[in-house]
1. For a footprinting-style exposure proxy, rank 647, 46, 739, 400 by other Cβ within 10 Å, fewest first.
2. Which entries in the list 387/762; 369/721; 387/817; 204/387; 762/830 go over 21 Å, if you measure between the two C-alpha atoms of each?
3. Antiparallel as a % of all DSSP beta bridges within region 299-418, to the nearest 5?
4. Using r as the Cβ-Cβ distance of residue 249 and residue 130, and R0 as 51 Å, what FRET efficiency do you calculate, to the nearest 0.05?
5. Arrange the peptides 270-276, 259-265, 243-249 so that the one whose residues have, on average, the most other Cβ atoms within 10 Å appears first.
6. For residue 770 and residue 373 in the same chain, what is the full-extension length gain: residue separation times 0.36 nm, less their Cα-Cα distance, in nm?
7. Can you compute the radius of gyration and Dmax for region 167-283, using only the Cα atoms, both in Å?
8. Per the Kirkwood formula on distinct C-alpha pairs, the Rh of region 299-418 is how many angstrom?
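Derivation of every value follows stated rules applied to the coordinates shown; laboratory data play no part. Owing to the predicted nature of the structure, the values given are computational and were not obtained by experimental measurement. Cβ atoms come from the backbone with ideal geometry, glycine included; neighbour counts cover every protein chain shown.
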Amino acid sequence: MAMALLRLRLLPCLLLLALAGAQAQQMTSFPAGNDTRPWLPTEASRVLVSPSRGMAAGFVATEGSSPRKYRFAVWVANVSSRAGPAGKTIIWYAHGDSDGVALEADGSSSLLVNAAGALTWAGASSTNATIWSPTNAGNATAPRLTLNDTGSLVFGSWSSFDHPTDTLMPGQAIPQAANTSAGGVTTLQSASGRYRLVNSKALKYYSGPSGSIYANMTGGGALLNLSTDGELMLGGGDTNPLIASDKGAKGRLRRLTLDDDGNLRLYSLFPPRREWRVVWELVQELCTIQGTCPGNNTICVPKGADGVTCVCPPGFRNRTGGGGCEAKKSVGTGGKFVRLDFVSFSGGAAAKSSDPGPFMAIQPPSNLKVCENMCRDDPSCPAFGYKFGGDRTCRLYKTRLVDGYWSPGTEMSTFVRVAETDNDTNPFTGVTTMIDTVCPVQLALPVPPKQKATTIRNIAIITTLFAVELLAGVLSFWAFLRKYSQYREMARTLGLEYLPAGGPRRFSYAELKTATKDFTDEVGHGAYGTVFRGELPDRRAVAVKQLSGVGGGEAEFWAEVTIIARMHHLNLVRMWGFCADKDKRMLVYEYVPNGSLDKYLFSSSSSAAPSGGSGGDQGEQSSEQGQQQKVMLDLHTRYRIALGVARAIAYLHEECLEWVLHCDIKPENILLEDDFCPKVSDFGLSKLTSKKEKVTMSRIRGTRGYMAPEWVIHREPITAKADVYSFGMVLLEIVSGRRNYGFRQESVGSEDWYFPKWAYEKVYVERRIEDIMDPRILLTVDDDADSVATVERMVKTAMWCLQDRADMRPSMGKVAKMLEGTVEITDPVKPTIFCVQDD
């Protein structure tokens, strides 16, 4: 027992001694004091540190090498990173100045300062070959290797900042190209050596002796300086700096690194977790970087926000042993062409330059058939590309296909030659496809009997039957004309002209007056009437909408009755019946207790709906308004509401017997059940068509702030994509908790402010998605990866819905799948139009 107590008392002392021994291995200079012994790579605990202990230098083992090899490198201390060997964020390593390749040696090598004052990294004593020795032009009397807090390794007048590898640090001098430099000056080189930043402005890919440019700095100016507050200063004609998303944040270490995937990124070290985050990158689409998918005939496809995958086109398979794709069947001199939408080959950015490269030829503008025939007549042409637009661009690929990538930004379709017998499925189709919603009908006509010889009896029978049928037809038509007016009035009174068989119940005015207690319990009103709460004899709670200003033709009344009577969906308000007594026009709906969505999204100062549309059928309903104000919709509930509304609109567009356009989608027309299940209401402004792609409206319909651009640009036809635009605006409001029109007036005050543009810049330019999120749900999303993914999916879907061109917006069926996460969502194009101002 006494021995155990003694051990416990000695344990803290032993720990302090061990800690002191570990600290003794950290040197502020080399050689350190009187310790002039050589520095061996196997001495892992022997590290050169900066005065603030923020930077470290020493030997790092190369991963996967056998026998074990070592590099002499500088790294950021106390930061975990998978980018460098042994989990270190390496910002510099000893290398040959001529080729930039990292120098390596085995554990028997040593670093020392010799009697002549030179710093030398030499091999084993048997060879004593110099591996690396920086030039020291001064301070020969007391040469010491030191490390600054900026990450600069200094030995006399020599500094590692003058010989960068793949990383630049704030304040580091950037090498510039001389006017006489033909090949250009390499500013940075990736660790693999395949990618270089040349002349501080162009990214080059090297697959051979000469490289090809695939990206340039924005504006074409050369990079002059990386500031400590997150600005990349440019020279040349563009004096505007490139700004990181966390510009101005104090106390953060930043680094500019050319990664092994060929992208130039600016990283910022976040203090709380000591982790690196990307705050700026030069190339937004990784697939446009040459060499991403090596080998012939491969296509690079984005995978998530920061990943890619390499696939083979239809008719091809992975080459045995790796290295690209090969045709499954021999094509020969014939074959057929398979269309791949948004696919381009021959190196992305290189294909857009004046020099298309050795594997592609750009032909004069021609139509598709001429372009196809030119490729078909050339046996060595594996494919051709065509851009369907005014310029009619035609590209002929030669001998092989390299650097293929998929992106909607290409605006190009590639036609690949495959064997006639190939029947592979084609995954590279357009973003939107025509939806076939008409059931095919096959008509079978009876086979006519064989013609027999004409006789007098057959002629007499045919003539008699014809005369009888003609007489019967004339008499029937005459009787119809006499009763026509009576039938028309009766049908109008009973609603038989509009209602389908088995439609809603017809209530009398007296029944509804009793159910609503003489119309005393008013729960709301809109532009087309007032809504009262009532209770039917079977104890069902209902909302009775008493219409006003219906008009002589009663078009709006019968349109709403007709449309809603045919709708049966979980997320659509159900109509129980109607009243058409003399001049009384009323609609009887199911009662939705929690009222409309806007009361839960917006504050009282911004919750008023903008003018231009009616309120919802029960948009003004409220059970207990005080209770509503206390309810906060969490992210999961908001996501369920958005998905339910998308499914309801997709049902109206794609699954009904007739195509229904809502024309007024906004939070006031989305009602909430007790469990916050959404229900879309207010079909009074709907447009009913017969499965046509485009319709013509007699007047502008909808509400300001939610109307698609084609409503204002009258030459544009109105399609179902108008509802897609309105839903995208509502989806942004669900995420942000702000009304798109009111927020502009309160916070920005700019005449040309546009809510989707602001949201796009926050998410894709500044990469601060938290700025557009409702502050009430932001705390629950910060550390939840699934919640962040849900918010990003909702914002990306909204951006695709808010494209100014209708043909670029997805269908509502695809929008629902995008929200469900069953389809992959690519980065959207930036919205370019602005909101319409009042006169």
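1. Result, fewest neighbours first: 400, 46, 647, 739.
2. Violating the 21 Å limit, Cα to Cα: 387/762; 369/721; 387/817; 204/387.
3. Values: 27 of 29 bridges.
So the antiparallel bridges in region 299-418 amount to around 95 percent.
4. E between residue 249 and residue 130, to the nearest 0.05, is 0.70.
5. In descending order of packing, they fall as 259-265, 243-249, 270-276.
6. That works out to 137.7 nm of additional length.
7. Cα only, region 167-283: 14.3, 48 Å (Rg, Dmax).
8. 14.7 Å
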